[in-house]
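Since the structure comes first, as structure tokens, the remarks are kept for the end.
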Amino acid sequence: RYIVEKTQKNQKSFGLTLMKIEQIFREFERALENEYYMELAKKEVMTVPLLIEVFLDDDYANSLWAEQLLECISGENPKLLYPFFEYIAKGLDSKNSYLAWNTWKILVRLLPVDSDNKFELVKEKFYDALLSHNLPEFSIACDCAVPVFYSKPNEQERILNIMKKSSEKKFYLGNDELKNSGKMAEEKVQIFLERIINDKTKAENNALLI
């Protein structure tokens with residue numbers, strides 16, 4: 001019996017190891033694939049519109065893949081995506097909440113090149129997300145508030161006023177209020193403030209070196 005149990009345990013461990021190796025290879029292949037498409041987007045003008053079309057499609061798996069790829073491109077080369085700001089913004093109305101919330105991760109990376117002030121088209125939706133009683137939506141909006149804070153100085157006061165009231169936050173799951181809502185909101189706001197302070201300190205130190 002001991003030998004049988006040990007053999008089964010070893011087989012299970014071996015199976016898990018194989019699954020882990022396969023997962024690593026899949027992630028590696030995916031990284032290579034993403035790198036390929038990012039390079040393609042720089043060379044082939046139709047790549048970005050096609051990616052956005054996939055992103056806005058109802059197929060969740062394909063939409064998620066396109067969203068993650070667009071997020072990578074927006075971080076490396078926002079000028080490539082900026083002409084399509086309005087189309088990407090349609091993702092905010094996605095039937096899938098997760099994709100809708102994550103659309104902000106793409107849009108806020110385009111703000112440093114927002115020469116036409118397209119943020120105005122989605123500004124109120126951003127503040128709705130920052131005031132949301134849904135914890136994941138608020139959390140993503142809070143993370144995205146940092147680039148908004150830097151890229152849109154006129155919005156800084158409004159953002160800080162919302163953050164100051166974080167202790168009053170109430171989050172809900174269905175109709176049930178989550179315990180310690182205010183504390184969870186304060187923790188997210190603390191991360192936001194630390195990023196602002198750290199970035200400011202870095203900028204000041206860099207200025208001294210010049």
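One table, with the values for the structure above:
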item: Cα-Cα pairs of the stretch 127-171 separated by more than 14 Å (percent); result: 45 percent
item: Accessible-area value, ILE140, 1.4 Å probe, nucleic acids and ligands omitted, Å²; result: 20 Å²
item: Per-pair calculated FRET efficiency, R0 = 30 Å: LEU40 and ASP93 via Cβ, rounded to 0.05; result: 0.60
item: Alpha-carbon spread of the stretch 70-129, three principal axes, descending order, Å; result: 27, 22, 16
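The values are calculated or read from the model by the stated rules, or taken from the named source; none is laboratory data. What you see is a predicted model, and the numbers here were worked out from it, not measured in a lab. Cβ coordinates were reconstructed from backbone atoms using ideal geometry, including for glycine residues, and neighbour counts include every protein chain displayed. Protein only, heavy atoms only, side chains kept; ligands, DNA and RNA dropped before computing areas. Shrake-Rupley method; radii C 1.70, N 1.55, O 1.52, S 1.80 Å.
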